[in-house]
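First the structure, in the form of structure tokens, and then the observations on it.
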Amino acid sequence: MKIPFLDLKAQYNSIKDEVLPAINDVLENTAYVLGKPVQQFEDNFAKEHNAAHCIGVGTGTAGNHMVLWALGLKRGDEVIIPANTFIATAWGATLCGATPVFVDCEPDSYNIDPSKIVSAITKKTKAIVAVHLYGQPADIDAIIEAMTNDKWNYLDNGCFEHKFNGQKIYLVEDAAQAHFAEYKGKRIGSLSKASSFSFYPGKNLGAYGEGGAVMTNDEDLAATFKMIRDHGAQQKYNHQIYGHNYRMEGIQGAVLGVKLNHLAEWTEGRRRVAAKYNELLNDVEDILLPKEMDYAKHVYHLFVIQVKNGKRDELQKYLGDNGIATGLHYPIPLHLQPCFEHLGYNKGDFPVSEELAEQGLSLPMFAELTDEQIEYVASKIKEFFKK
């Protein structure tokens, strides 16, 4: 049996009759950049996440950059980021000229450890990025409560900001892997000053190419996002601020608009797959299964197990030899990446993130996985450890 890590063709075949007319409509109307399909998607995506504003952009990385850029981050500033995340989270800071300051993750949620945040704050700290990794929301309240010197203030415009010993620190969300995830019954994305999403094809909500978005409840910030996205202009050739070309393509807006209608169903499909994995693998002592936190609705962009006793790579090879594709997310934590060597971090600085990098193995995860396929994966994992 051959089981892919992700089967985008199966998803496409299920919605082909809706997607092709939507793409054709863009072609017929030559609405190739922004336009009505993008606007409709932005409005609907914002509504689904209980946010006032969603601005479609070209990539999730562009969204990470735009959020911090619009908040005024600059050279000399610092941004607190979990060591266990994809490097695009850090690019949001570095593209502004700011310095990423890494902290360890929690062993259960794999997300940023709130207890480690305060000790990482300096007079240069301007933002904290809460990454909802693998589809599991970060513990927003614990992050807020950890800031014991003061309190987070909920502003009239529905945004959080913080004054720590008199300095303003923004809380923002990297929601690239967490579309429709919930924290204490509320959808992520509008739980902070601003958030960013990715619609890379492999995401739970994926475009047919690159795509991303930023989200906020702050009207002025939303206006700044729109200007940055389009060369710093509200009107053509009138460039009020520095900007970039971060616009979303019309075809991607049309595709995402169609797929958004199916996302709730696909999310429940992923949760079904995760529940089946947990049922079949909970007696395997050689692995640790991912834990859904009691405050969270996990959307399982990834299903990451930890393989004990240094057997991760052997298990991955064994599964591959038996037709099962797997992934490694992420085998080198950010503080040990060569590009950040100048920051002075060393192996051992963030042991939880490092252990996950050495032990983590992502199993096949997509809504269309059948019980037969899941049972095959589980049987081969058990077979490996019996041998």
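The values are calculated or read from the model by the stated rules, or taken from the named source; none is laboratory data. It should be emphasised that the depicted structure is a prediction, and the values quoted were computed from it without experimental measurement. Note that each Cβ is placed from the backbone with ideal geometry, even for glycine, and that neighbours are counted across all protein chains shown.
Numbers at a glance
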| read-out | value |
| --- | --- |
| Of the criteria (1) over 16 Å from PHE199 (Cβ atoms); (2) surrounded by fewer than 24 Cβ atoms within 10 Å (Cβ to Cβ), which one LEU8 fails | (1) |
| In the stretch 136-147, residue modelled with the lowest pLDDT [restricted to those that are surrounded by fewer than 22 Cβ atoms within 10 Å (Cβ to Cβ) and assigned to a helix (DSSP H, G or I)] | ALA146 |
| Per-region count, the stretch 265-295, residues farther than 21 Å from PHE385 by Cβ, aliphatic (A, V, I, L, M) and either touching a His at 6+ places or on another chain (Cβ under 9 Å) or assigned by TED's automatic domain parsing to the domain that holds ALA222 (or both) | 0 |
| Set GLU354, GLU368, GLU372: member being out of contact with any Pro (no Cβ under 7 Å at 6 or more places or on another chain), at negative phi and in a helix (DSSP H, G or I) | GLU372 |
| Any pair with Cβ under 8 angstrom, 6 or more apart, that starts in the stretch 328-345 at a residue that is within 14 Å of GLU358 (Cα to Cα) and ends at one that is of a type in the set (Phe, Trp, Tyr) and part of a helix (DSSP H, G or I) | HIS329/TYR134; LEU334/PHE340 |
| Residue pairs meeting the criteria (Cβ under 6 Å; at least 6 apart or on separate chains; first closer than 29 Å to ASN111 by Cα and in contact (Cβ under 8 Å) with a residue 24 or more places away in the chain, in the stretch 360-387; second small (Gly, Ala, Ser) and in a helix (DSSP H, G or I)) | ALA367/GLY269; GLU368/ALA10 |
| Among (1) surrounded by fewer than 21 Cβ atoms within 10 Å (Cβ to Cβ); (2) at pLDDT 95 or above; (3) farther than 30 Å from LEU95 by Cβ - the single one GLU355 does not satisfy | (3) |
| Out of LYS236, LYS259, sole residue that is buried (at least 17 other Cβ atoms within 10 Å of the Cβ), more than 17 Å from GLY135 (Cα to Cα) and among the basic types (Lys, Arg) | LYS259 |
| Pairs, first over 23 Å from VAL118 (Cβ atoms) and touching a residue at least 12 places away in the same chain (Cβ under 8 Å) in the stretch 78-100, second among the β-branched types (Val, Ile, Thr) and not in a strand (DSSP E or B), C-beta under 6 Å, six or more apart | ALA88/THR61; TRP91/THR61 |
| Out of PHE180, PHE225, PHE197, sole residue that is part of a loop (DSSP other than H, G, I, E, B), under 21 Å from the mean Cα position of the chain (by Cα), aromatic (Phe, Trp, Tyr) and modelled with pLDDT of 95 or more | PHE180 |
| Out of VAL103, VAL131, sole residue that is within 24 Å of TYR200 (Cα to Cα) and at pLDDT 95 or above | VAL131 |
| Hits in the stretch 105-135 - residues which are part of a loop (DSSP other than H, G, I, E, B), charged (D, E, K, R) and surrounded by fewer than 23 Cβ atoms within 10 Å (Cβ to Cβ) | GLU106, ASP108, LYS123, LYS124 |
